[in-house]
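Have a look at the structure below before the remarks.
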Amino acid sequence: MRLRLFHWGFKGYKFEKVMEGAWQLLEAASMCPHEGYEERRRWSLLLYLLLLNLLGFLVMGLDKKRARAGAYRFPETLLLAIAFTGGTVGVYMGMYTFRHKTRKRLFSVGIPCLVLAQIGGGLFIFF
């Protein structure tokens with residue numbers, strides 16, 4: 001099953017491939033009913049979140065570098081999509097490490113609210 005969340009029309013960047021790979025990782029982790037299934041699922045989810053947060057942090061840094069150079073930048077919707085799919089902590093850390101998007105209300109208020117919502121959702125699901 002191919003889940004198509006976003007379609008970016010600019011050349012050289014395949015956000016759909018990133019999202020498709022992330023969903024395949026989650027599907028693979030949840031479709032293995034065998035001994036050790038729960039532990040494997042937890043490790044897969046942890047790996048997914050770790051990689052997505054690293055991606056969010058790096059994209060914020062690269063976007064800041066491109067902003068300084070006056071080059072083509074990533075759309076804000078991409079940054080928000082990475083945060084929404086689980087990379088919120090990485091985007092938040094990138095915002096304040098690189099001092100990027102901290103004046104925009106959507107990021108300065110929205111990302112911390114999204115962090116709290118994701119933590120609350122995670123606690124609701126796992127406990």
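The values are calculated or read from the model by the stated rules, or taken from the named source; none is laboratory data. Quick caveat: nothing in here was measured; it's all calculated off a predicted structure. Note that we place each Cβ from the backbone using ideal geometry, even for glycine, and neighbour counts take in every protein chain shown.
I'd like to verify a number: residues in the stretch 75-92 that are without any contact (Cβ under 8 Å) to a residue 60 or more places away in the chain and over 19 Å from residue 47 (Cα atoms), how many?
Residues in the stretch 75-92 being without any contact (Cβ under 8 Å) to a residue 60 or more places away in the chain and over 19 Å from residue 47 (Cα atoms): 3 in total.
Between a first residue in the stretch 37-53 that is at pLDDT below 80 and a second residue that is surrounded by 15 or more Cβ atoms within 10 Å (Cβ to Cβ) and assigned to a helix (DSSP H, G or I), which pairs have beta carbons less than 8 Å apart while being 6 or more apart in sequence or on different chains?
40/29; 41/29
Filter the stretch 85-116 down to the residues that are within 20 Å of residue 48 (Cβ to Cβ) and of a type in the set (S, T, N, Q), then identify the one that is modelled with the highest pLDDT.
88
Considering each of 119, 125, 82 in turn, give the residue that is hydrophobic (A, V, I, L, M, F, W, C), part of a helix (DSSP H, G or I), within 24 Å of residue 24 (Cβ to Cβ) and at pLDDT below 90.
Answer to the check: 125.
In the stretch 93-103, what residues are touching a residue at least 24 places away in the same chain (Cβ under 8 Å) and part of a helix (DSSP H, G or I)? Spell out the reasoning first.
First, the residues of the stretch 93-103 that are touching a residue at least 24 places away in the same chain (Cβ under 8 Å): 93-95, 97-101.
Selection gives 93, 94, 95, 97.
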